[in-house]
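The values are calculated or read from the model by the stated rules, or taken from the named source; none is laboratory data. Please read all numbers here as calculations on a predicted model, not as lab measurements. Using ideal geometry, Cβ is built from the backbone for each residue, glycine included, and neighbour counts are taken over all protein chains shown.
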Amino acid sequence: MTAARDRVLDVHERPAPGTFLLLSVQHLFAMFGATVLVPILTGLSPAVALVTSGAGTLLYLACTGFRVPAYLGSSFAFIGPIVAAAAVGGPGGAMLGAFVAGLVYLVVAALIRMFGVRWLLNLLPPVVVGPVIVVIGLGLAGIAVKMASGTAAGGPYSLVQFLVALFTLGAIFVYSLVLRGFFTVVPILLGILTGYIAAALVGLVDFTPVLEAPLLRVPDFAPLFSGMTEGASALAVILIVAPVALVTMAEHIGDQIVLSRVVGRNFLAKPGLHRTLLGDGLATSLAALAGGPPNTTYGENIGVMAITRVFSVWVIAGAALCAIVLGFVGVLSAFLQTIPTAVMGGVSIALFGVIASSGIRTLIEGKVDLGNKRNLLIASTILVIGIGGAELRFADGFAISAMALSAIIGVILNAVLPGRGSGGDVETVLASHG
């Protein structure tokens with residue numbers, strides 16, 4: 001692997017006191033919009049999400065021996081399953097499913113520790129991982145459009161809200177393409193601010209919650225099983241949420257490969273994929289115990305490191321501590337609740353589209369030949385099942401969500417169809433990462 005010769009701060013180097021906070025806040029800004037968007041979309045607490053994101057990141061750093069500079073934030077892949085599980089078993093049921101999803105990571109981490117990583121990369125080659133990531137993005141497209149038009153809660157179509165959403169989306173484009181330096185990593189945050197101002201000017205913002213909120217406030221932590229619908233089946237909610245771990249593990253592998261290339265170190269070999277999966281899984285289960293959304297490694301923060309060449313785990317830990325502190329600021333929690341749905345709809349259109357595009361990039365970089373009938377059939381089946389919303393429903397309310405089902409079927413097709421080994425450049429990944 002090529003070393004990152006132009007690094008500003010290496011993994012274990014501590015920044016100067018004058019820049020420590022600034023560099024950490026930069027990472028906080030990069031993950032902030034997406035991390036609080038997930039709880040807003042799923043009805044969870046943004047303040048709890050910030051606290052569990054920071055705590056989960058610190059736990060991840062500890063599990064990896066403080067050798068992998070990765071930040072963990074709220075996972076978009078769990079949005080649909082959490083909403084579906086909450087409809088069946090209430091918020092407590094959704095958190096139970098998320099807790100078990102974290103345990104799935106631990107099982108896979110143990111298997112990798114015992115048998116190595118080749119079997120997992122062969123199980124999830126680019127021909128499976130790429131389309132699944134596309135499903136994560138496009139499967140949520142309907143939610144983004146409904147938020148933008150004001151119909152997410154079943155209300156009537158609103159032209160004003162849709163125009164505010166488009167204005168927010170346009171602002172993100174401008175900030176992404178025009179700004180330079182530090183500001184290139186915060187176009188989402190600036191887009192939210194711009195959209196918020198526009199929404200306030202047209203009367204879509206109610207400032208009352210901010211004026212009434214206390215300066216400091218303990219977040220609304222929800223212990224596991226609290227808020228679970230009486231009589232709801234635990235197995236039913238687990239089957240809705242836990243299989244999504246297969247999807248997020250595929251995303252995790254991709255993030256670790258990209259991060260290794262950016263930093264110039266072989267993180268799949270040292271500290272090892274089993275250690276990073278362990279940290280990710282424990283962070284997800286920890287978040288569920290407190291009532292926060294599941295965590296995952298964040299591409300946004302990898303992008304920050306790629307631009308700044310600052311790879312210090314001290315900076316990542318500082319960002320995690322900042323997130324925890326912000327979670328206890330009552331005024332901030334109240335302010336987040338005043339952000340109009342239309343503004344977040346415009347942001348969602350951008351973010352969900354970026355996720356889908358990342359899946360296409362995975363296919364390209366994985367050298368997947370879609371002229372090969374086998375690859376074409378696998379990718380097409382994953383896309384139609386995942387985006388089409390196909391669910392596997394059983395008696396007593398048991399169901400496997402479309403997102404999880406598409407990943408499971410993709411894995412099965414890749415395993416049973418003749419021509420295995422044509423699903424992408426797995427050997428290059430193995431050669432590069434031990």
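Exactly one residue out of 275, 265 is touching a residue at least 40 places away in the same chain (Cβ under 8 Å) and not in a helix (DSSP H, G or I), and it is 265. Every condition in (1) within 24 Å of the chain's Cα centre (by Cα); (2) surrounded by fewer than 18 Cβ atoms within 10 Å (Cβ to Cβ); (3) modelled with pLDDT under 75 holds for residue 400 except the one numbered (2).
When 231, 191, 181, 195 are checked against the criterion of being under 17 Å from residue 337 (Cβ atoms) and either at pLDDT below 80 or under 23 Å from the mean Cα position of the chain (by Cα) (or both), 195 stands alone in meeting it.
Please go through segment 355-376 and give me each residue that is in a helix (DSSP H, G or I) and touching a helix residue (DSSP H, G or I) at 6+ places or on another chain (Cβ under 7 Å), ordered by number.
Filtering segment 355-376 down to residues in a helix (DSSP H, G or I) leaves 355-365, 373-376.
The answer is 355, 356, 358, 359, 360, 362, 363, 375.
Quick grid of which residues meet (1) in contact with a helix residue (DSSP H, G or I) (Cβ under 6 Å, 6 or more places away or on another chain); (2) modelled with pLDDT under 90; (3) of a type in the set (A, V, I, L, M, F, W, C):
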position	(1), (2), (3)
16	no, yes, yes
29	yes, yes, yes
49	yes, no, yes
102	yes, no, no
107	no, no, yes
116	no, yes, no
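Looking across 210, 247, 258, 237, one residue alone is under 21 Å from the mean Cα position of the chain (by Cα), surrounded by fewer than 23 Cβ atoms within 10 Å (Cβ to Cβ) and part of a helix (DSSP H, G or I). It is 258. Of the listed requirements (1) among the small types (Gly, Ala, Ser); (2) touching a Gly at 6+ places or on another chain (Cβ under 8 Å); (3) under 21 Å from residue 33 (Cα atoms), residue 232 misses just one: (3).
Would you mind stating whether residue 304 is surrounded by 22 or more Cβ atoms within 10 Å (Cβ to Cβ), out of contact with any Leu (no Cβ under 7 Å at 6 or more places or on another chain) and modelled with pLDDT of 90 or more?
Details: surrounded by 22 or more Cβ atoms within 10 Å (Cβ to Cβ): yes; out of contact with any Leu (no Cβ under 7 Å at 6 or more places or on another chain): yes; modelled with pLDDT of 90 or more: no.
Criteria not met by residue 304.
Among residues of segment 114-127 being more than 17 Å from residue 104 (Cβ to Cβ) and not small (Gly, Ala, Ser), the one that is surrounded by the fewest Cβ atoms within 10 Å (Cβ to Cβ) is 118. The condition (being over 18 Å from residue 322 (Cα atoms), in contact with a Pro (Cβ under 9 Å, 6 or more places away or on another chain) and surrounded by fewer than 24 Cβ atoms within 10 Å (Cβ to Cβ)) is satisfied by just one residue among 92, 97: 92.
Under 6 Å by Cβ, and 6 or more places apart or on different chains, what pairs join a residue from segment 105-127 that is in contact (Cβ under 8 Å) with a residue 60 or more places away in the chain with one that is not in a helix (DSSP H, G or I)? Pairs that qualify, where the first residue is in contact (Cβ under 8 Å) with a residue 60 or more places away in the chain and the partner is not in a helix (DSSP H, G or I), are 125/423; 125/424; 126/366; 126/368; 126/424; 127/368; 127/423; 127/424. Evaluated against (1) more than 15 Å from residue 322 (Cβ to Cβ); (2) touching a Cys at 6+ places or on another chain (Cβ under 8 Å), residue 74 falls short on exactly one condition, (2).
For segment 261-276, the set of residues classified as of a type in the set (S, T, N, Q) and crowded, with 23+ Cβ neighbours inside 10 Å consists of 276 only. When the residues of segment 60-84 are narrowed to those that are buried (at least 24 other Cβ atoms within 10 Å of the Cβ) and more than 27 Å from residue 346 (Cβ to Cβ), which ends up nearest to the chain's Cα centre (by Cα)? The qualifying residue nearest to the chain's Cα centre (by Cα) is 70.
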